1. Among what's in region 13-45 and is among the small types (Gly, Ala, Ser) and more than 17 Å from Glu114 (Cα to Cα), pick the residue that is most open to solvent (accessible area, probe 1.4 Å).
2. Confirm whether Arg48 is open to solvent by 80 Å² or more (accessible area, probe 1.4 Å) and touching a Ser or Thr at 6+ places or on another chain (Cβ under 7 Å).
3. Answer with yes or no whether Phe56 is of a type in the set (Phe, Trp, Tyr) and surrounded by 14 or more Cβ atoms within 10 Å (Cβ to Cβ).
4. Looking at (1) closer than 26 Å to Phe142 by Cβ; (2) of a type in the set (S, T, N, Q); (3) surrounded by fewer than 13 Cβ atoms within 10 Å (Cβ to Cβ), which is the only condition Gln99 fails?
5. Filter region 88-143 for residues that are acidic (Asp, Glu), outside any loop (DSSP other than H, G, I, E, B) and under 18 Å from Asp43 (Cβ atoms) and give the result.
6. Restricting the search to region 69-94, which residues are open to solvent by less than 30 Å² (accessible area, probe 1.4 Å) and either farther than 20 Å from Pro153 by Cα or modelled with pLDDT of 95 or more (or both)?
Amino acid sequence: MVDGNTSGENLLFLTDEQLRKGIEAMFFAYRGFTADPDRILADLSYGRAHHRALHFINRSRGTTVNNLLSVLGVTKQSLNRVLRTLIADGLVESRVGRQDRRERHLYLTEAGAELERQLSEAQRARMRAAYRAAGPQAVAGFRQVLEAMMDEPVRAQGTPHKDGRP
């Protein structure tokens, strides 16, 4: 986040106060970004970990538990707690691998896909409005900033949307 009187050429020389404002903007933006899904999840006694699991299982149908562990960057114990709940509640299905029977492949059930759609739609609506208000150049710049903030291993793996869209 940059003060209105800061030109593009000065972006490399941000003051600590300008950086603090950017950090605070990230905190508040994240709070807003998660607020709508949090309300939906709270009604089901779920948290953000459940949402992330549903999101990435939906993005990569049939993903393995090990791949999901890697993507989410959580412990096996933490992910197993979340998956047990989602499976028991009929939102996720775990299937034995065809080639490697030790692998477990994850799929959303119809109910899981519906919940994931509700959660994502709330976030897409907020992002769509923000992107429209900011304009295409700001969206491209925002995407560059987000990618630059990612840890190198995550950035090196690539993001799910390498088609050039934010």
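1. Ala29
2. Working: open to solvent by 80 Å² or more (accessible area, probe 1.4 Å): yes; touching a Ser or Thr at 6+ places or on another chain (Cβ under 7 Å): yes.
Yes; evaluated as a whole, the condition is true for this residue.
3. On the way: of a type in the set (Phe, Trp, Tyr): yes; surrounded by 14 or more Cβ atoms within 10 Å (Cβ to Cβ): yes.
Criteria met by Phe56.
4. (1)
5. Our first condition is that a residue be acidic (Asp, Glu); within region 88-143, this holds for 89, 93, 100, 103, 110, 114, 116, 121.
Now drop any that are not outside any loop (DSSP other than H, G, I, E, B), which leaves 93, 110, 114, 116, 121.
Hits for region 88-143 are Glu114, Glu116, Glu121.
6. Kept after step one, since they are open to solvent by less than 30 Å² (accessible area, probe 1.4 Å), are these residues of region 69-94: 69, 79, 82-83, 86, 91-92.
Matches in region 69-94: Leu79, Val82, Leu83, Leu86, Leu91, Val92.
Residue-wise test of (1) part of a helix (DSSP H, G or I); (2) under 24 Å from Ala125 (Cβ atoms).
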position: Ala49; (1), (2): yes, yes
position: Ile57; (1), (2): yes, yes
position: Val74; (1), (2): no, no
position: Arg81; (1), (2): yes, no
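The values are calculated or read from the model by the stated rules, or taken from the named source; none is laboratory data. None of the values given here were measured: they were computed from a predicted structure. Note that we place each Cβ from the backbone using ideal geometry, even for glycine, and neighbour counts take in every protein chain shown. For accessibility, only protein heavy atoms count, side chains too; no ligands or nucleic acids. Shrake-Rupley method; radii C 1.70, N 1.55, O 1.52, S 1.80 Å.
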